[in-house]
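Notes for the one structure printed next.
The values are calculated or read from the model by the stated rules, or taken from the named source; none is laboratory data. These numbers were taken from a predicted model, which means no experiment stands behind them. Note: ideal-geometry Cβ built from the backbone for every residue, glycine included; neighbour counts use all protein chains shown. SASA here: full protein model, heavy atoms, side chains in, ligands and nucleic acids out. Shrake-Rupley method; radii C 1.70, N 1.55, O 1.52, S 1.80 Å.
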Amino acid sequence: GVKLLLHGLCSNTTVKSLDLKGNNLRTVGAEALGKLLRQNKSIRSLILEWNSLGVWEESFSFFCEGLGANNFLQQLDLRNNQINHQGAGELAMALKQNTSLQELDLRWNNIGLLGGRALLNCLHSNKTLRRLELAGNNVPSDILKAVEQAMDHNQDRHAILSETQNRAYILNKEILSLKDEKTKQFLDLMDTIDKQREEIARSGRMSAARVGQLQEALDEQHSIMNSLKAKLQMTEAALALSEQKVHNLGELLNTTKQEQTSMAERHFMELQQQKQEGADREGKLLCDLSAASEKNLLLRNQVDELEKKCKVQQDQLFQIKQDLTNTTAELKLRAVQAEERLEIEKRRFKKSLEDVESLRLKEVDHMTQHIEASERSMQDRIRRLEAIRIALEEELSQVKASALTERGQAEEELLKVRNQARLEEQQRLEHLEEKLQLMTESRDEAQNCCLKQKQMVAEAQAKAHQLSLHADGLRRRIEELQQDLNSKEEEKVTEVNKVKVELQEQIGHLQAERTAQEGLKEKIAALERQLKALSSNHREALLDKESEISVLLEKLRMKEADISRMREEEAQRASFLQNAIMAYVQGSRLGTHSCRK
């Protein structure tokens, strides 16, 4: 059935997750899975827990070849699949070729020291795997620590790659925007140059006409004066616009400060909420541990009760043995008395012998029936004890399953908390970088405006020098205008310097916020370490409980062996009694025949 299902999924492009947990997959299933991994390009998660894929090495190697050829699978669960160190070597070879797998769970297999070393060696070439679970595989602690370090290195590398990609994308956007702005500025400059050339040509024509007619020159001077006044008005308007821009920049700075304060408050509140959530989760974990301890106490009480019942049954068996010995003694006494009576009555009454023999036969039948009834009652008790033992084994399996599910849920919650914290930090950093980009763009616009105004002032000075030949009064007025422009330029420079100082202060504040965020990251790492310690303690407690359960199972097996021995002894004794009774009956019949003869 699995072969047909996986053959149909080879050409499927919509299924993203496949769960085949507890389906007893073996050789055919492993080969079909290898073929699926070679051909399918849509499945991202594959769960194969509680199967037997690692029992046959050839089929598992085919599965590993398919995994090495696949570049789309991201999550693979191979818990409880009886994978040995050779299977781990095949997996290591597949991981060297695979470039997409991010999570691999190999808990509760038989990997051992050699398999752990093979997996550790393959991690030097695999840079995409970020999570590798090897608990319950008899792998030494130094190899587990080295694997954890490799996983942390891969996670850091993935985070750095994502950050660099985001920054490269942002820088590309900035470069494109700067290119567009520069092209616009270049076009504006070309337009102004063309206009200036046209004006220069016009002024040359006008100067040729002025040589002929002074009156026209005076009119032209009046027109030039009017144009200068208009240009002065334009410069004043440009200065007013620059002042408005500076004012707008100040308002933007104030708004950014307010946003920074609000973001800091929100960050503080979120940290408090995270701390409260961590405390609540720790309380839940403690409650779960207390519930597990209570379950263990109940199991111990049940085991004590079973031991008491076994003791009671042993006492009953001892009493039954005593009854049997008493009955055998009574039978022997009765047999001796009967023999004496027979010896006495043989001489006197032959007819009474037949009556006595019939009475003896009846008594023997009655004793055999009593012994069979006692054996039946003992068998019923033994069956009841076996039913109780089976119920206890089922309860133990349920407790194990619940503990495994609780541990899996706790690990999933830890992963979710880590992912959420990382996403939030990345979003905040991106928001702050965008604000910095906006501030730098506004600063560049202000500098461009200042440069344009300087160019306009230089053009006005050149025109004033050309017109100085015609009117000295105009020169004085132009000098006064130049002084005014210089003062305004100085004011602009001072304002630009103030804006630069404020931007530097904001950059310092942002750097301080970054340092604070780094401290928060360290706190989060400490909390994660605490959670790891709690999970390790929980695992140790589970291992202790499993050892206790194994001890209890061994005790139950010993008791079952004792019960079986008791059964055998009772059966032997019953057979001995039956043989003795049959021998006695046969001896009595032979005696009667001899007397008759």
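Tell me whether segment 389-400 contains one or more residues that are modelled with pLDDT of 75 or more, surrounded by 14 or more Cβ atoms within 10 Å (Cβ to Cβ) and within 30 Å of residue 273 (Cβ to Cβ). Within segment 389-400 (the criterion being modelled with pLDDT of 75 or more, surrounded by 14 or more Cβ atoms within 10 Å (Cβ to Cβ) and within 30 Å of residue 273 (Cβ to Cβ)), the answer is no, since none of the residues qualifies.
From the list 539, 476, 529, 514, the one residue that fits, being loosely packed, with under 15 Cβ neighbours inside 10 Å and closer than 30 Å to residue 202 by Cβ, is 476. Assess whether residue 73 counts as being buried (at least 20 other Cβ atoms within 10 Å of the Cβ) and either in a loop (DSSP other than H, G, I, E, B) or hydrophobic (A, V, I, L, M, F, W, C) (or both). When the stated conditions are applied, residue 73 passes them. Among the criteria (1) in contact (Cβ under 8 Å) with a residue 12 or more places away in the chain; (2) within 22 Å of the chain's Cα centre (by Cα), the one residue 145 does not fulfil is (1). Among residues of segment 542-580 being among the aliphatic types (A, V, I, L, M) and over 20 Å from residue 298 (Cα atoms), the one that is least open to solvent (accessible area, probe 1.4 Å) is 574. Applying the criterion of being part of a loop (DSSP other than H, G, I, E, B) and either of a type in the set (A, V, I, L, M, F, W, C) or more than 18 Å from residue 55 (Cβ to Cβ) (or both) to the residues of segment 92-112, the residue that is most open to solvent (accessible area, probe 1.4 Å) is 99. Among the polar types (S, T, N, Q) and touching a Leu at 6+ places or on another chain (Cβ under 9 Å) - does that describe any residue in segment 195-203? Taking every residue of segment 195-203 in turn, none turns out to be among the polar types (S, T, N, Q) and touching a Leu at 6+ places or on another chain (Cβ under 9 Å).
Checking 288, 315 one by one, the residue that is at pLDDT below 80 and either loosely packed, with under 12 Cβ neighbours inside 10 Å or touching a Gly at 6+ places or on another chain (Cβ under 6 Å) (or both) is 315 and no other.
Among the residues of segment 185-208, are any in contact with a helix residue (DSSP H, G or I) (Cβ under 6 Å, 6 or more places away or on another chain) and open to solvent by less than 100 Å² (accessible area, probe 1.4 Å)? Yes, the conditions are met somewhere in segment 185-208. The sole residue among 265, 282, 270 that is charged (D, E, K, R), open to solvent by 50 Å² or more (accessible area, probe 1.4 Å), within 30 Å of residue 506 (Cβ to Cβ) and touching a helix residue (DSSP H, G or I) at 6+ places or on another chain (Cβ under 8 Å) is 270. Tell me which residues, restricted to segment 263-292, are free of Cβ contacts under 8 Å to residues at least 12 places away in the same chain and either touching a strand residue (DSSP E or B) at 6+ places or on another chain (Cβ under 6 Å) or farther than 22 Å from residue 523 by Cβ (or both). Of everything in segment 263-292, those that are free of Cβ contacts under 8 Å to residues at least 12 places away in the same chain and either touching a strand residue (DSSP E or B) at 6+ places or on another chain (Cβ under 6 Å) or farther than 22 Å from residue 523 by Cβ (or both) turn out to be 287, 290, 291.
For (1) in contact with an Asp or Glu (Cβ under 6 Å, 6 or more places away or on another chain); (2) at pLDDT below 75; (3) hydroxyl-bearing (Ser, Thr, Tyr), each residue gets a yes or a no:
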site: 293; (1), (2), (3): no, yes, yes
site: 298; (1), (2), (3): no, no, no
site: 302; (1), (2), (3): no, no, no
site: 319; (1), (2), (3): no, no, no
site: 348; (1), (2), (3): no, no, no
site: 352; (1), (2), (3): yes, yes, yes
site: 356; (1), (2), (3): no, yes, no
site: 362; (1), (2), (3): no, no, no
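Which of (1) exposed (fewer than 14 other Cβ atoms within 10 Å of the Cβ); (2) touching a residue at least 60 places away in the same chain (Cβ under 8 Å); (3) within 17 Å of residue 108 (Cβ to Cβ) does residue 424 not meet, given it meets every other one? Only one criterion is unmet by residue 424, namely (3). Scoring residue 66 on the criteria (1) modelled with pLDDT of 90 or more; (2) on the phi > 0 side of the Ramachandran plot leaves a single failure, condition (2). The set of residues in segment 76-91 being in contact with a helix residue (DSSP H, G or I) (Cβ under 6 Å, 6 or more places away or on another chain) and either touching a residue at least 60 places away in the same chain (Cβ under 8 Å) or open to solvent by less than 40 Å² (accessible area, probe 1.4 Å) (or both) consists of 87, 88, 89, 91. Applying the condition of being under 30 Å from residue 430 (Cβ atoms) and modelled with pLDDT of 80 or more to segment 487-501 and asking which residue is surrounded by the most Cβ atoms within 10 Å (Cβ to Cβ) yields 498.
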